[in-house]
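So the structure is just underneath, and the comments pick up after that.
Read-outs: derived from the displayed coordinates by stated rules, not from any lab. Every value quoted in this text rests on a predicted model; they were computed, and no experiment measured them. Note: ideal-geometry Cβ built from the backbone for every residue, glycine included; neighbour counts use all protein chains shown.
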Amino acid sequence: MTQVFPLMEKNRTFLVTGGAGFLGFHLSQRLLEMGHYVIGMDNLATGSLANIAQLQTHVRYRFLQQDIVLPFDVSSLDGIFHLACPASPIHYQADPIGTTKTSVIGTLHVLELAAKLNIPILFTSTSEVYGDPDQSPQVETYHGNVNPIGPRSCYDEGKRCAESLCFDFQRQLGVSVKVARLFNSYGPNMAVNDGRVVSSFINQALNDQPITVFGEGKQTRSFCFVSDTIDGLLKLAQSECSAPINLGNPSEITVLALAHKVIALTNSHSEIIYRDLPIDDPKRRCPDISLALDKLGWSPQVTLDKGLELTCRFYSTLLSSKKEKVPHL
Ligand SMILES: NC(=O)c1ccc[n+]([C@@H]2O[C@H](COP(=O)([O-])OP(=O)(O)OC[C@H]3O[C@@H](n4cnc5c(N)ncnc54)[C@H](O)[C@@H]3O)[C@@H](O)[C@H]2O)c1
C-alpha cells in the first residue's frame with residue numbers, strides 16, 4: 001500500500017536533505033510552522049549558514065552537516081524530503097562529477113534509508129529531465145530530448161538516473177516514492193550569487209549594473225513563486241500519487257521580457273547587454289500541470305508581478321542591511 005506523509009498528525013519528524021538551500025529552507029520553515037520536527041541535512045556546498053541560523057531559532061529544528069554521497073544513518077523518521085543537489089548551472093557545472101555523485105550515489109543512500117525505516121520519500125526532480133524539449137508544454141509522459149554528454153548532462157542525466165532509482169526502489173522494495181519535477185522556482189532566500197536568472201537580474205538591477213541576457217533573450221521560462229512550489233510539494237507528500245508530477249507555473253515569459261519587468265519594478269538605470277547562449281540551453285520551458293491539478297488540486301496562486309515584487313523587496317532589504325556583499329555578476 002502506498003504510504004503518505006503524516007503531515008496532518010502532530011509532532012512528526014522529517015528529514016530534509018539540502019535543507020540549507022533555497023527550497024530546503026522554505027520547506028523546513030513550513031514544516032516547523034505545521035508543528036513538526038525537522039532534521040536538516042546538508043554539506044553546505046551551495047546552502048547558506050544564514051538559512052540554518054534562521055531555522056535554528058526553532059527548538060524543533062536540528063541540523064546535521066553531512067555529504068549524502070557518504071554513508072549516513074538517521075533513526076526515528078516519519079518521512080524524507082530529498083532535495084540535496086546543486087540546482088544552478090554555475091554550481092552543478094563547477095564540479096560535474098560531484099553533481100552526478102550527489103544525484104546517483106546520494107539518492108541511493110537516501111532511498112536505502114527510506115527502505116530501512118519503511119517511510120515515504122519525496123524526491124525533487126527537475127524539468128531538466130526534458131532537456132531541450134521538442135514539444136511544449138511538457139507533459140510527464142514526454143521522455144525528453146537530453147544531450148547525454150554535454151556540460152548540463154551531469155545535472156539532467158543525474159536527475160534522470162535518480163528518478164530511475166526511485167521507481168526501482170518502489171517496484172523492487174515497495175518504497176513509497178513521490179517525484180516532483182520542478183520547473184523554475186524563485187523567491188526570497190535564493191543565493192545572491194548563484195547565477196539563476198531571477199536573482200541575477202534583480203541584483204544587477206538593484207545595483208544599476210548591466211543586466212546580462214543570454215542569446216537574444218527569446219528563450220522562454222516559466223517561474224513559480226516559492227510559496228506555490230512548497231504548497232505543491234506538501235500536497236504531493238500527502239497524496240498517493242506514485243508517478244512523476246510537474247510542479248511549475250504554466251505562464252511563460254521570454255527572458256528579455258523578464259529583464260524589462262525587473263528593470264521597471266526596481267526603477268533601475270541598468271542597460272541590457274547580450275552574451276552567447278550557453279550550450280544546450282533549453283529554448284522553451286513550460287509545464288503542463290493538468291496532472292497536478294487533477295491529482296493534487298494544485299495550481300500556482302501567486303502572479304509573476306506579485307512574486308517579483310516580494311523577491312525584489314527581500315534583496316533590497318538584504319542590500320541595504322549590507323548583510324551580504326553583492327559581487328559584480
Ligand atoms: N529552485 C528551482 O528552481 C529548482 C528547479 C528544479 C529542481 N530543483 C531541485 O530542488 C532541489 C533544491 O533546489 P534549490 O533551488 O533549493 O537549490 P540550492 O542549491 O539552493 O539547494 C540545494 C542544497 O543541497 C545541498 N547539497 C548539494 N549537494 C549535497 C550533498 N552531496 N550532500 C548534502 N547536501 C548537498 C546544497 O548545499 C544546498 O543547500 C534540488 O534538488 C534541485 O535540483 C530546484
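Anything over 31 Å Cα to Cα? Flag those among K159/K235; K159/K218; K116/K283; K178/K218, in the order listed. Working shown, then result.
Values: K159/K235 22 Å; K159/K218 26 Å; K116/K283 42 Å; K178/K218 34 Å.
As for pairs spanning more than 31 Å Cα to Cα, those are K116/K283; K178/K218.
Provide D305, D132 in ascending order of the number of other Cβ atoms located within 10 Å of each residue's Cβ, fewest first.
By the 10 Å Cβ count, ascending: D305, D132.
On C-alpha positions alone, give me the angle between the axis of helix 255-265 and the longest principal axis of the chain, in degrees, nearest 10.
With rounding to tens, the tilt is 70 degrees.
Once the piece of chain linking A264 and L70 is laid out straight, how much longer is it, given 0.36 nm per residue of separation minus the C-alpha distance between them? Don't skip to the answer; put the middle values down first.
Details: separation 194, 0.36 × 194 = 69.84 nm, distance 4.62 nm.
My answer for the length gained is 65.2 nm.
Do you know the relative contact order of region 203-271, to the nearest whole percent, from alpha carbon pairs under 8 angstrom that are 6+ apart?
So the answer I get is 57 percent.
Determine the relative contact order of the chain: mean sequence separation of Cα pairs under 8 Å and six or more apart, normalised by residue count, in whole percent.
18 percent.
Taking the Cα centroid of region 34-93 and of region 237-263, what is the distance between the two, rounded to the nearest whole Å?
What the calculation gives is 24 Å, centre to centre.
Roughly how many nanometres apart are two label points built 7 Å out from the Cα toward the Cβ at I273 and M34?
4.5 nm
Quick one: which residues, 5 or more positions from S185 or on another chain, have an amide H under 5 Å from its amide H? H modelled 1.01 Å from N in the peptide plane, none for Pro or chain starts.
C224
Stretched out fully, how many nm does the piece from H143 to I97 gain, at 0.36 nm a residue minus the Cα gap?
Residue separation times 0.36 nm, minus the Cα-Cα distance, leaves 14.2 nm.
Explain nothing, just the number: relative contact order of region 1-159, from Cα pairs under 8 Å at least 6 residues apart, as a whole percent.
Numbers: 263 pairs, mean separation 34.3, N = 159.
About 22 percent, as a whole number.
What trypsin sites (Lys or Arg not before Pro) in region 245-329 are in a loop by DSSP, with at most 11 other Cβ atoms within 10 Å of the Cβ? Spell out each step's value before the answer.
Working: sites: K261, R275, K283, R284, R285, K295, K306, R313, K322, K323, K325; in loops: K283, R284, R285, K322, K323, K325.
Taking region 245-329 and a limit of 11 other Cβ atoms within 10 Å, the loop trypsin sites (Lys or Arg not before Pro) found are K322, K323, K325.
Between helix 197-206 and the chain, what is the angle of the helix's C-alpha long axis to the longest principal axis, kept within 0 to 90° and rounded to the nearest 10?
Tilt relative to the chain: about 40 degrees.
Per q in 0.13, 0.17 1/Å, what log10 I(q)/I(0) does a Debye calculation on the alpha-carbon atoms of region 105-256 return?
Here log10 of I(q) over I(0) equals -0.69, -1.10.
May I ask for the angle, rounded to the nearest 10°, between helix 304-320 and the longest principal axis of the chain, with both axes built from Cα atoms and the value confined to 0 to 90°?
Helix 304-320 sits at roughly 80 degrees to that axis.
Going by how many other Cβ atoms sit within 10 Å of their own, how do K178, K10 line up, fewest first?
Least to most surrounded, the residues fall as K10, K178.
GNM, the chain, Cα, under 10 Å: largest mean-square fluctuation among A114, A191, A50?
A50
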